[in-house]
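Encoded as structure tokens, the structure appears first; notes follow it.
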Amino acid sequence: MKPKRLESELQDVGTFSHPKQNLEQYATTPALATKVLHLAAVEFGDIEDKSVIDLGVGTGVLAIGAKLMGAGHVLGLDVDMDALSECKENLEMYEPELEVELVLMDVIELIRRYDDYDEQESDESDDDDDDDNNNGDGKRKDYVWPKADTVVTNPPFGTRRKGADVAFLAAAMKMADTAVYSFHKTSTREYIQKVATKKLGAKSAKVVAEMKYGLKNQYGHHRKDEVEVFVDVWRIEPTCKMKRDGNNDEDEIFEQNLRDLAANIEELQLSARERKDKHRSSKNSNNTSNTSNRR
Ligand code: SAH
């Protein structure tokens, strides 16, 4: 699919109707999503017929774009049920409906619990986990990570929750067989280079695109209406391919993990819709102005 067509297909993807500041919910614009996905697909062959995970899928613009560019299985993970619910609505908008598997998952919690990644910046202690299967540091080693050829992520930049950007990157590198595409503030370039190669052991880490990101004042804590943020798009190759080929036990645990996490998704989705309806009706009765940021 040509970039112009992809961008126009993504125009109608709804963005967060009630963005949550603590989760740093900023939707990627159709123009930026197109730029990144086209690059990943055409320049590097990382999308077409590849499995893709969108980490922090939000309302789904990157996952949807990947699917439209010919990706195989696409899995979207997010900690916010409202976002997943809006993502589902966006998928249903296409004819036929786009198939993206959605799973509720706290990526930061996951990396904190199951990886040997050392969350330097965090002062949270991890002594609540006294499971046997750990290294004595409270971190379990038996977690089977969701896997895909390619991981794309527009992660929280770590402005609200320190270290969120690196936690996402660490998780993305656990999940990707071939490549991670991750957005980071240009001001953190040297740091990300160091973290990716030295700390997380990337085989390579390169900035493949630079973008100017116009952040609309959707939260009111910015003084200006729109703040410009310079963002790098990284392509990172994780060290070793950890394909789950031939290992049935691991496959089974992996499937079970996904099933457990997805078990209540429909129920949760319903309750998210109810919450949204309630929110709408209370807003209408208060007669407040429309704050929807749908494009
Ligand atoms: N991928 C979307 C959204 C990017 S905003 C897009 O490009 O438009 C970042 C997303 O990360 C939000 O959807 C937010 O809910 C999600 N997020 C924040 N913290 C998270 C966590 N701990 N685990 C999983 N998702 C998280």
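Looking at region 77-96, is at least one residue touching a Phe, Trp or Tyr at 6+ places or on another chain (Cβ under 8 Å) and part of a loop (DSSP other than H, G, I, E, B)? Within region 77-96 (the criterion being touching a Phe, Trp or Tyr at 6+ places or on another chain (Cβ under 8 Å) and part of a loop (DSSP other than H, G, I, E, B)), the answer is no, since none of the residues qualifies. So residue 108 fits all but one of (1) out of contact with any Gly (no Cβ under 9 Å at 6 or more places or on another chain); (2) open to solvent by less than 20 Å² (accessible area, probe 1.4 Å); (3) at pLDDT below 95; what number is the exception? Exception for residue 108: condition (1). Scanning region 157-188 for residues that are within 18 Å of residue 32 (Cα to Cα) and crowded, with 22+ Cβ neighbours inside 10 Å returns 180, 181, 182, 183, 184. The set of residues in region 17-54 that are of a type in the set (Val, Ile, Thr), surrounded by fewer than 22 Cβ atoms within 10 Å (Cβ to Cβ) and within 12 Å of the ligand (Cβ to nearest atom) contains only 29.
Being within 14 Å of the ligand (Cβ to nearest atom), touching a residue at least 24 places away in the same chain (Cβ under 8 Å) and in contact with a strand residue (DSSP E or B) (Cβ under 9 Å, 6 or more places away or on another chain) is a description that does not apply to residue 82.
From the list 70, 14, the lone residue that is touching a residue at least 60 places away in the same chain (Cβ under 8 Å), within 11 Å of the ligand (Cβ to nearest atom), over 16 Å from the mean Cα position of the chain (by Cα) and farther than 20 Å from residue 211 by Cα is 14.
The values are calculated or read from the model by the stated rules, or taken from the named source; none is laboratory data. Note that this is a predicted model, so its numbers are computed, not measured. Glycine also receives a Cβ, built like all others from the backbone with ideal geometry; neighbour counts cover every protein chain displayed. Note: areas computed on protein heavy atoms with side chains; ligands, DNA, RNA excluded. Shrake-Rupley method; radii C 1.70, N 1.55, O 1.52, S 1.80 Å.
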